[in-house]
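One structure is given below, encoded as C-alpha cells.
What follows draws every value from the coordinates through simple rules; no lab data is involved. Everything numeric here is computed off the predicted structure, so don't read it as measured data. Quick reminder, even Gly has a Cβ in these numbers, built from the backbone with ideal geometry, and neighbours come from all protein chains shown.
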Amino acid sequence: MPTPRYTREIPQRYRLEANKCKNCGRISFPPRQICPHCGGRNFERTRLSDQGKIVTFTTIRVAPTQYSSQVPYSIAIVELNEGVRITTQVVDCKPEDLGVGKPVKIVFRKMYPEGKTGIICYGYKAVLV
Amino acid sequence: MRDVYIIGVGMTKFGELWGKSLRQIFVEAALSAIDDAGVDHIESMYVGAMTTGLFVGQEHIGALMADYLGSAPVPAVRVESACCSGGMALRMGFFEVASGNSNIVLVGGVEKMTDGADVTAALATAADQEYEVYQGVTFPGLYALIARAHIARFGTTRKQLAAVSVKNHHNGSLNPNAQFQNEVTLDQVINATLVADPLTILDSSPVSDGAACAILVSEEVMKKAKRPAVKIIGSGAATDYLALHQRDDITVLNAVKRSAERAYKMAGIGPEKIDFAEVHDCFSIAELCIVEELGFVEKGKGGPFIEAGNTALDGKIPVNSSGGLKAKGHPVGATGIAQVFEVVEQLRGNADKRQLKDVHIGLTQNMGGSGASSVVHIFKLAE
C-alpha cells in the first residue's frame, strides 16, 4: 500500500477517530464530509469506545495475497457501544468460539508486512471478552 | 421517452477460454448479436466491464471494442459498476435509444478473468478498500457475513442455501453456453471445501471468461427488422452504502429492493406479473435475499420458498433458468447482458431443453459488490 494512502487512515486505524454530526448527533466512522443520516456538514471529532458485540461473523479460508499466510482467520461485523459498526478480524480464539451477540474488545495489532522491504501495517482487531 | 426494443442477442460460451483474448470474445458476442438482429450497422455502443485493467492490463475498452468490431468512429464508452457493469451498460443504451439520440445501439459486457491475475484481490476492489479489504475480508467473506446474519435472524438453513446451487446446476446442465453442465447434490454442496463459513466452493459462482451483447433499437427499426422483438418495459437502478457494515440491516439488500421498485413503477406492474427472472446469484445467499427483495416472497421466507421448488424450471416463478452465475459462469462485466440473452431467448421460445412454458414477462437483476449497486430490467415479448 502506498505510504500516503496508509498515513491518511492512521487516526482511524490506530485511535478509532470518528465524526459526530453536530446536527443529528449520529457518529460516522470513518469520518465523512456529509452526514448520511441528516445531510449535516458540521462535525466534532470523537473517539469510539473499544467495547462492542458481534453482529455477524465468518472464517476466511481463501484470502487475498497479503493475508494468505494467515488463513484460516475470523472476520466479524462488530457493533461498538456507540452503535457504530466496523468490519474487523477476531483473533486469539478459535473459529468455533465466535457467536452472534458475543462481547468483544478492540485491540491494536499488526495487520501485515508490506512485502519484504516495505512498512509494517497496523490497525484494529477484536478479541473476545 | 420512446419505446426501446431488443432485436438481437449473442453470447460466447462462458468458461475458461484460454485460447481467446478479451477483444476476441467481445467481438464474437457482438457479431453474433448483430447477425441475430440483421442490422448492417450500429450507431453507438456501451460496454460493461468491471476491471479489465486488473485482469488483463487493458483499459479504454469502449474505443478498443469499437475498433475491433470495425465500428469506429461510432461513440463507444465503457460502463463500470463492479459486477453490474453489464446491466448498467444496458440501462445507458436504453436511455440513448429512448431519448431519440440513436436508433441502433449495441450494449455488451465482457470480462477475461483467467489470464493469471489475482482474481480475489481484483474482485475485492468492489468492496471498501480501506475499511473492509484492509481488514482481510473477501467477497465470499462478505456474503458469508450476510448468510450468517440471515440464518441468525430468520432461521434459514444450510440445506436451503444449498438448494439454490442444486437448482442452478440442474438448469446449467441444460444450457450449452454454461461453464458447468453437471448436476450437484445437496450433500455435495454442503460438504464441499469451505471458502468462508458457512459458504462452500459450491455456494460460489466461478471465475470465468465470457462476453454477451444485445442490439437495442427504436420502434421504427424494429418494425423494418421483421423478426421477433422484445420490448424493455422497465428499468430501475439504485445504490446503497458501499461497506456492508454500514447498513442498518445486514440481511436487507436495499439497492436491489429500490431498483426493483423503480423498474416495476416504470413498467406499471408488480412482482406478481413476472413470469420468470434471471438474478445475481454470485453466492447462494444472494439469490435467496434477492427473491425476497424483488417481492417474489416475503422478507425472511426465501429459504423455505426456494427449498419447496417455487423457483425451479417448473415452479411458480422460475429463477435463473440459464443456470445463473453459479453454473452458467460469472465473467463479471458480461453477466448483466448474459441475463438479457437468457430472457430474450426464453421469450422468443429459443431456450431448447430449458424452455419455460407460457412465459410473457421476464426480469433481470444484476448487482455490484455486496449489493451497493443494483439494476433491474423488465422485458415483454413485443406484439
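Computed quantities for the displayed model
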{"read-out": "Value of relative contact order over segment A:51-128, rounded to a whole percent, pairs C-alpha under 8 Å and six or more apart", "value": "31"}
{"read-out": "Nitroxide proxy distance, nm - points 7 Å out along Cα→Cβ at B:Arg153 and B:Asp67", "value": "4.8"}
{"read-out": "Cα shape, segment B:276-360, gyration tensor, a/c 1.5 rule", "value": "oblate"}
{"read-out": "Relative contact order of segment B:231-383, pairs being alpha-carbon contacts under 8 Å that are 6 or more residues apart, as %", "value": "37"}
{"read-out": "Potential lengthening between A:Val127 and A:Arg5 on full extension [0.36 nm per residue; Cα-Cα distance subtracted]", "value": "41.3 nm"}
{"read-out": "Out-of-range pairs (alpha-carbon distance over 30 Å; input A:Lys94/B:Lys257; B:Lys328/B:Lys357; A:Lys102/B:Lys328; B:Lys299/B:Lys380; B:Lys257/B:Lys316; B:Lys226/B:Lys353)", "value": "A:Lys94/B:Lys257; A:Lys102/B:Lys328"}
{"read-out": "Debye equation applied to the C-alpha atoms of the protein assembly as shown, log10 I(q)/I(0) at 0.06, 0.09, 0.11 Å⁻¹", "value": "-0.27, -0.62, -0.91"}
{"read-out": "Least to most buried among B:Cys289, B:Cys84, A:Cys24 (fewest other Cβ within 10 Å first)", "value": "A:Cys24, B:Cys289, B:Cys84"}
{"read-out": "Where labels lie 7 Å past Cα in the beta-carbon direction, separation of B:Thr193 and A:Ile34 in nm", "value": "4.4"}
{"read-out": "Ranking of B:Val27, B:Val74 by count of other Cβ atoms within 10 Å, fewest first", "value": "B:Val74, B:Val27"}
{"read-out": "DSSP beta bridges in chain B [antiparallel fraction, %, rounded to 5]", "value": "75"}
{"read-out": "Calculated [θ] (222 nm, deg cm²/dmol) that DSSP helices of n ≥ 4 give over the protein assembly as shown, each run adding -39,500 (n - 2.57)", "value": "-9000 deg cm²/dmol"}
{"read-out": "Estimated Rh, chain B: Kirkwood, alpha-carbon pairs, angstrom", "value": "20.1"}
{"read-out": "Per-residue Cβ neighbour rank within 10 angstrom, fewest leading, A:Thr117, A:Thr88, B:Thr200", "value": "A:Thr117, B:Thr200, A:Thr88"}
{"read-out": "Charge sum, other residues only, whose C-beta stays under 13 Å from A:Val71's C-beta, Lys/Arg counted +1 and Asp/Glu -1", "value": "0"}
{"read-out": "Under 12 Å, Cβ to Cβ, from B:Tyr143 - net charge with Lys/Arg +1 and Asp/Glu -1", "value": "-3"}
{"read-out": "Nitroxide proxy distance, nm - points 7 Å out along Cα→Cβ at A:Val71 and A:Asn42", "value": "5.1"}
{"read-out": "Partnerless Cys - chain A, beta-carbon criterion under 4.7 Å", "value": "A:Cys93, A:Cys121"}
{"read-out": "Value of relative contact order over segment A:1-47, rounded to a whole percent, pairs C-alpha under 8 Å and six or more apart", "value": "35"}
{"read-out": "GNM result for chain B, Cα springs below 10 Å: residue of B:Ser259, B:Ser102, B:Ser85 fluctuating most strongly", "value": "B:Ser102"}
{"read-out": "Prolate/oblate/rounded call for segment B:166-273, Cα gyration tensor, a/c under 1.5 rounded", "value": "oblate"}
{"read-out": "Radius 12 Å from Cβ of A:Glu9, net charge of other residues (Lys, Arg +1; Asp, Glu -1)", "value": "+1"}
{"read-out": "Cα shape, chain A, gyration tensor, a/c 1.5 rule", "value": "oblate"}
